[in-house]
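Following: one structure in structure tokens, then a few remarks.
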Amino acid sequence: MYIEPENKAPYSPWGEPDTVYVIADGILDVSTPSHGGILLSYERNQQIPESCRSIDGAYEEGCRWAIPFVIFKDEFCARYRDRQDYYEETHKQAIQTLINYEPDAYATIFGTMPTAEESHKVRDREFTERNKNNFIVYSAFGAGYKDVHGGFVGVRAVKPATGEERYFFVPESRYSIPYVVDLDKDQPWDFKKPY
């Protein structure tokens, strides 16, 4: 059911709603000009496992929407009963979203943690853990940025174990993502923040 504009959800952390669809009692699908997601009533939100529960019952459309979609699969299935193929495809996307971007929620809901081969987030965590005492690149500047000359990439790197931040020049021929700085080969960069 579509809620008319004058009867929109009284609250949306994403701004004034353009559209609001009632999925079931206490479950709203909200869209705004800039974002949206699934909005749950207090009672519905209490049914979400605490470790993956949003404090305000708002689950943004980027990744967190998948948590209530999977938890309330029967309600979503009933809402889309006339479009079963849409529901089934969206349910697969929700599970894949949890595996890739919300692996802890997936583990809580399904009882098993995705592997690094299955999940971007798990793979990133394992990479960071293996390299916690090294400088890992978190951002890069191409030639054309001041001080970065052709054939090099300027990088901002952080040592996860300490939070120490340093800058380096890395030859383009060796740079890849993800990248761990080689202190014997990569040149330190005396980076001056523009602010």
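The values are calculated or read from the model by the stated rules, or taken from the named source; none is laboratory data. Owing to the predicted nature of the structure, the values given are computational and were not obtained by experimental measurement. Ideal geometry is used to build each Cβ from the backbone, glycine not excepted, and the neighbour counts take in all protein chains shown.
Scan the range 78-91 and give yes if some residue there is surrounded by 11 or more Cβ atoms within 10 Å (Cβ to Cβ), basic (Lys, Arg) and modelled with pLDDT of 95 or more, otherwise no. Full working, then the answer.
As a first pass, look at the range 78-91 and keep what is surrounded by 11 or more Cβ atoms within 10 Å (Cβ to Cβ): 78-80, 83, 87-91.
Of the ones still in play, those that are also basic (Lys, Arg) are 79, 83.
Remaining after also requiring modelled with pLDDT of 95 or more: none.
So far as the range 78-91 goes, no, none of its residues is surrounded by 11 or more Cβ atoms within 10 Å (Cβ to Cβ), basic (Lys, Arg) and modelled with pLDDT of 95 or more.
If we scan the range 148-158, do we find a residue that is in contact (Cβ under 8 Å) with a residue 40 or more places away in the chain and either acidic (Asp, Glu) or touching a Ser or Thr at 6+ places or on another chain (Cβ under 8 Å) (or both)?
As a first pass, look at the range 148-158 and keep what is in contact (Cβ under 8 Å) with a residue 40 or more places away in the chain: none.
No: zero hits.
Taking GLY142 as meeting all but one of (1) surrounded by 13 or more Cβ atoms within 10 Å (Cβ to Cβ); (2) in contact with an Asp or Glu (Cβ under 9 Å, 6 or more places away or on another chain), write down the number of the exception.
(1) is the only condition that GLY142 fails.
Looking at this structure, is GLY111 more than 19 Å from the chain's Cα centre (by Cα), modelled with pLDDT under 95 and on the phi > 0 side of the Ramachandran plot?
Against the criterion (more than 19 Å from the chain's Cα centre (by Cα), modelled with pLDDT under 95 and on the phi > 0 side of the Ramachandran plot), GLY111 does not qualify.
Do you know which residues across the range 132-189 are acidic (Asp, Glu) and in a strand (DSSP E or B)?
Start the filter on the range 132-189 by keeping residues that are acidic (Asp, Glu), which leaves 147, 164-165, 172, 182, 184, 186.
Residues satisfying the conditions are GLU164, GLU165.
Given the conditions (1) assigned to a loop (DSSP other than H, G, I, E, B); (2) within 30 Å of PRO171 (Cβ to Cβ), and given that SER54 satisfies all but one, which numbered condition is not satisfied?
Unmet condition: (2).
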